[in-house]
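Participant: Have a look at the structure that comes next, please.
The values are calculated or read from the model by the stated rules, or taken from the named source; none is laboratory data. Everything numeric here is computed off the predicted structure, so don't read it as measured data. Using ideal geometry, Cβ is built from the backbone for each residue, glycine included, and neighbour counts are taken over all protein chains shown.
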């Protein structure tokens, strides 16, 4: 077992090194980082015995995956100006306030039709897991000047915030799915509310206080540039650990902490982004690599319904929800279609799926949910990675007559400071 883990770790590190050598050149192709590390993980998983792989999956992947998501949630939240979230009903606000709930509703309805064995709340759990998007699977869109600024920004902000917004729904859905035993209804509901409430409270406390202290120290020039990042990383980890210790949700706390640290320390977004680009990227790559190793052991158990759900989730469910949410926004049809298609599923779906696996079948429909999640993420990694560059080219030809004051060109400075924008 130990030898298998060492070999696997060496394979991953070798993949990181080789990918790093050609990463600049690969940016011009459709071969994304998640695609590369998923492919390497699939190959590595296939070479390891099933018994070793099961032990490796459960013990090795969950904590790095949780930390990766915690860093992503904290980092993305530090870019948001909370006071401006409801200033106007722009594209970003529509995607978060309307498209995300609709994706969950349509996804749950699709799951209920395709999987007769799932209960109502189990169908909701599946829909919630595959609802958040991951902009990392379509990085070319972020950097392409052929895509209008507003569209690029909207997709990135949506991906940065929707994973944090689905965490409470995920916690609630699991709680309600476990209410079959009437004697435990009160305790389950209380536990769920405590997870959400304590997570929010810890995030507000640590984020607000930590941001104020860091701002005071910065104004007095007590902090070196390097420790700006380290103190924020410590704050993120502290919110994660304290939430675990006191019964709060370990993802809600970092997300809320990231939102509230910005109230007092305006430069937090830039400092965390610089850290996340390097170390966060390494953790993300590890998640995709180890997810692929998990998937290898489950591929033969995926049913036709799992793949059908994956296709519908990535197409009809997402695109219909986006189209409805953007009614009246003034976007061209090509823009609505482009935004609807580029909603790849990645890190958040993987981590939430792994958490469900780790709970060891606390709900009857767990295996069905796991299969659908694996199929959806694998299909998304391939489909969105391969279609990013061709999609940009086709979209660019459809909007050649776009005016400078078109909604596609409009940024939302009241919502964000900097979300992987043109100046990076």
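Participant: Residue 408 fails exactly one of the following numbered conditions: (1) in a helix (DSSP H, G or I); (2) over 20 Å from residue 138 (Cβ atoms). What is the number of that condition?
Facilitator: The number of the failed condition is (2).
Participant: How about the stretch 119-137: which of its residues are crowded, with 24+ Cβ neighbours inside 10 Å and modelled with pLDDT of 90 or more?
Facilitator: Within the stretch 119-137, 122, 123, 124, 125, 126, 127, 128, 129, 130, 131, 132, 133 qualify.
Participant: Of the residues 230, 205, 237, only one is modelled with pLDDT under 90 and out of contact with any strand residue (DSSP E or B) (no Cβ under 7 Å at 6 or more places or on another chain); which?
Facilitator: Numbers: 205 fails: modelled with pLDDT under 90; 237 fails: modelled with pLDDT under 90.
It is 230.
Listed here are the residues, each with its yes/no results for (1) buried (at least 17 other Cβ atoms within 10 Å of the Cβ); (2) modelled with pLDDT under 90.
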position: 243; (1), (2): yes, no
position: 250; (1), (2): yes, yes
position: 270; (1), (2): no, yes
position: 286; (1), (2): yes, yes
position: 293; (1), (2): yes, yes
position: 299; (1), (2): no, yes
position: 309; (1), (2): yes, no
position: 312; (1), (2): yes, no
position: 317; (1), (2): yes, no
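Participant: Moving on. Quick check on my filter: what residues within the stretch 138-151 are modelled with pLDDT of 85 or more and either buried (at least 22 other Cβ atoms within 10 Å of the Cβ) or part of a helix (DSSP H, G or I) (or both)? Break it down into steps so the answer makes sense when it comes.
Facilitator: Step one: of the stretch 138-151, the residues modelled with pLDDT of 85 or more are 146-148, 151.
Passing the criteria: 147, 148, 151.
Participant: Among the residues of the stretch 81-112, write down those that are more than 29 Å from residue 304 (Cβ to Cβ), surrounded by 23 or more Cβ atoms within 10 Å (Cβ to Cβ) and either modelled with pLDDT of 90 or more or out of contact with any helix residue (DSSP H, G or I) (no Cβ under 6 Å at 6 or more places or on another chain) (or both). Reasoning before the result, please.
Facilitator: Initially, the stretch 81-112 is screened for residues more than 29 Å from residue 304 (Cβ to Cβ), giving 81-98.
Still in the running and surrounded by 23 or more Cβ atoms within 10 Å (Cβ to Cβ): 91-92, 95.
Of everything in the stretch 81-112, just one residue is more than 29 Å from residue 304 (Cβ to Cβ), surrounded by 23 or more Cβ atoms within 10 Å (Cβ to Cβ) and either modelled with pLDDT of 90 or more or out of contact with any helix residue (DSSP H, G or I) (no Cβ under 6 Å at 6 or more places or on another chain) (or both), namely 95.
Participant: Here's something else I'd like to know. Name the helices (runs of 4 or more DSSP H) wholly within the stretch 1-75 that hold at least 1 residues that are modelled with pLDDT of 90 or more and farther than 30 Å from residue 256 by Cα?
Facilitator: Where helices (runs of 4 or more DSSP H) fall fully within the stretch 1-75 and carry at least 1 residues being modelled with pLDDT of 90 or more and farther than 30 Å from residue 256 by Cα, they are 2-26, 33-47.
Participant: Might you let me know whether the stretch 410-417 holds any residue that is more than 19 Å from residue 313 (Cβ to Cβ) and modelled with pLDDT of 90 or more? So that I can check it myself, show each step before the final result.
Facilitator: Restricting attention to the stretch 410-417, the residues satisfying the condition of being more than 19 Å from residue 313 (Cβ to Cβ) are 410-417.
Add one more test, that the residue is modelled with pLDDT of 90 or more, and what stays is none.
No - not one qualifying residue is present in the stretch 410-417.
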